[in-house]
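Notes to accompany the following structure.
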Amino acid sequence: MKHIPGRVVLLFLFAFMLLHGENFVYDFHISKQNAYEKEPLLLSIDLNQTNEDVVLFFHFGIEKNDAFLVEQIDSTQDNTLHHARIHYRYILYPLRTGDINVSFDLVERVTDEEKVAYSFSGDRDDFKKLETKDRKVDVSPIPLHVNALPKSTQLVGDFKLSYEIKKHQAQSYEPIAIKIILEGEGYPPVLERLYPDGDNFTLFTQKPLVQKIPMKDHLKYRVTYIMALSHDKSFDLPPLQLHAFDPVSKKAYALTIPKQHFEITPADVKELLDKTDNPKPLHFDFSWLGSLLGYIVVFFAGYMTAISLKWKRKVTAEKIDPLIEKAEACKDEKALMQLLMAVDSKRFEKAINALEKSLYGKGKTNFKQIKQEVLEKII
């Protein structure tokens, strides 16, 4: 019994040495490990340097796998020498049922201030690669068990449906515009078709407009479907019912649009007949060709304008690369250079050389111009 306290102390010291033998600590956390197919899961990654005697960089990535889809929603990086900290947030969607593993690629890159300064010394033609000791860190994968969805499920998440039909009366073959919006949190609510082709009307559709809205710990989607109907006589649009499942409440629900009736005024055949004999027989008038070409040009211009506006909305809806925000936040050459070295020294080699020349050389450079070139390269 007298030897037990000594053994306890030795075990404590041994554990303490193991803990402080590492240069950093990490925490990989997912919101749940028992989920439904296509259920959005929050994945948090934290890397914090603990050994202040070294300069530390990280290379991190999630290994690709067809069993899940990953979307990054947040990135915070502090690459201050001796105090490296990284925080990432992702939304992960399991895409198949059963047991799957989420694996990671993590590399620790260790160096010191002298090597960092040496790599930046010299001119552009004498740039030296940063010398680091790289170590692949064995990170245990995160296991997931994925449950099957109820049969006939079309949407996964918490969504709302709204629609807009501007009129229910039209002339024969006059297009009737319909806009349907699916909005909420969950797997992207993009469906190939909402309505089947009808026997008693003509349906025109276009690719849905998808807007992705990153939030602090989740993603919101707003998907807009634009279509048009036409017919030469009155008709009914059948009711729409979408089968959805909310994995949080574990309840199935339906999103519906009731049946819609459209009153069509048929064209008067008598009004379509031209009672005058004009142009005269055997006289060919090709003025219609110019009008037709004009209509074609106007139609094509309108089509291209719609495409460009749609593209612009889609681009603005996409999440801005977190690296852009980090680069814009850099106020001087040193901060920008450290950021580029930590992210991808080969990709930004030209900018790093220019910044190094400004910091340690005799040449003068335009910091704003270098920063703008870096932002353009990221985009």
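In the set (1) more than 30 Å from Asp105 (Cβ to Cβ); (2) within 24 Å of the chain's Cα centre (by Cα), Ala177 fails one condition alone, (2).
Of all residues in the range 187-209, how many are under 24 Å from Leu95 (Cα atoms) and not in a strand (DSSP E or B)? Give the steps one after another, and end with the answer.
Just the residues of the range 187-209 that are under 24 Å from Leu95 (Cα atoms), to begin with: 187-194, 207-209.
Checking which are not in a strand (DSSP E or B) leaves us with 187-194, 207-208.
So the answer is 10.
Would you check if Pro247 is at pLDDT 55 or above and either out of contact with any Gly (no Cβ under 8 Å at 6 or more places or on another chain) or exposed (fewer than 10 other Cβ atoms within 10 Å of the Cβ) (or both)? No; evaluated as a whole, the condition is false for this residue. Among the residues examined, Gln206 does not qualify as modelled with pLDDT of 90 or more, surrounded by fewer than 18 Cβ atoms within 10 Å (Cβ to Cβ) and under 38 Å from the mean Cα position of the chain (by Cα). Across the range 147-172, the qualifying residues are those that are without any contact (Cβ under 8 Å) to a residue 60 or more places away in the chain and within 25 Å of Phe262 (Cα to Cα), and the one among them that is farthest from the chain's Cα centre (by Cα) is Lys167. Out of curiosity, is Gly184 within 28 Å of Ile30 (Cβ to Cβ), open to solvent by less than 70 Å² (accessible area, probe 1.4 Å), assigned to a strand (DSSP E or B) and free of Cβ contacts under 8 Å to residues at least 40 places away in the same chain? Yes; evaluated as a whole, the condition is true for this residue.
What do you reckon, is Leu161 out of contact with any Phe, Trp or Tyr (no Cβ under 8 Å at 6 or more places or on another chain), part of a strand (DSSP E or B) and crowded, with 17+ Cβ neighbours inside 10 Å? Answer is yes for this residue.
For residues in the range 72-101 being more than 13 Å from Leu144 (Cβ to Cβ) and not in a strand (DSSP E or B), which is least open to solvent (accessible area, probe 1.4 Å)? Among residues in the range 72-101 that are more than 13 Å from Leu144 (Cβ to Cβ) and not in a strand (DSSP E or B), the one least open to solvent (accessible area, probe 1.4 Å) is Ala84. Considering (1) in a strand (DSSP E or B); (2) out of contact with any Pro (no Cβ under 7 Å at 6 or more places or on another chain), the lone condition that Ala252 does not fulfil carries the number (2). Taking the conditions (1) modelled with pLDDT under 95; (2) of a type in the set (D, E, K, R); (3) open to solvent by 40 Å² or more (accessible area, probe 1.4 Å); (4) not in a loop (DSSP other than H, G, I, E, B) in turn, Glu108 satisfies each one other than (3). Output the residue which, of all residues in the range 54-71 that are under 13 Å from Tyr93 (Cβ atoms) and not aliphatic (A, V, I, L, M), is least open to solvent (accessible area, probe 1.4 Å). Once the filter is applied, the top-ranked residue is Phe68. The set of residues in the range 218-249 being among the small types (Gly, Ala, Ser) and outside any strand (DSSP E or B) consists of Ser234, Ser249.
Give me the pairs, please: first residue somewhere in the range 31-52 and under 10 Å from Pro247 (Cβ atoms) and open to solvent by 60 Å² or more (accessible area, probe 1.4 Å), second residue anywhere and of a type in the set (Ser, Thr, Tyr) and modelled with pLDDT of 95 or more, beta-carbon distance under 7 Å, and either six or more positions apart or on two chains. Every condition considered, the pairs that remain are Lys38/Tyr93; Lys38/Tyr187.
The values are calculated or read from the model by the stated rules, or taken from the named source; none is laboratory data. Everything numeric in this text was worked out from a predicted model, so none of it was measured. Here Cβ is always computed from backbone atoms with ideal geometry, including for glycine, and neighbour counts include all displayed protein chains. Note: areas computed on protein heavy atoms with side chains; ligands, DNA, RNA excluded. Shrake-Rupley method; radii C 1.70, N 1.55, O 1.52, S 1.80 Å.
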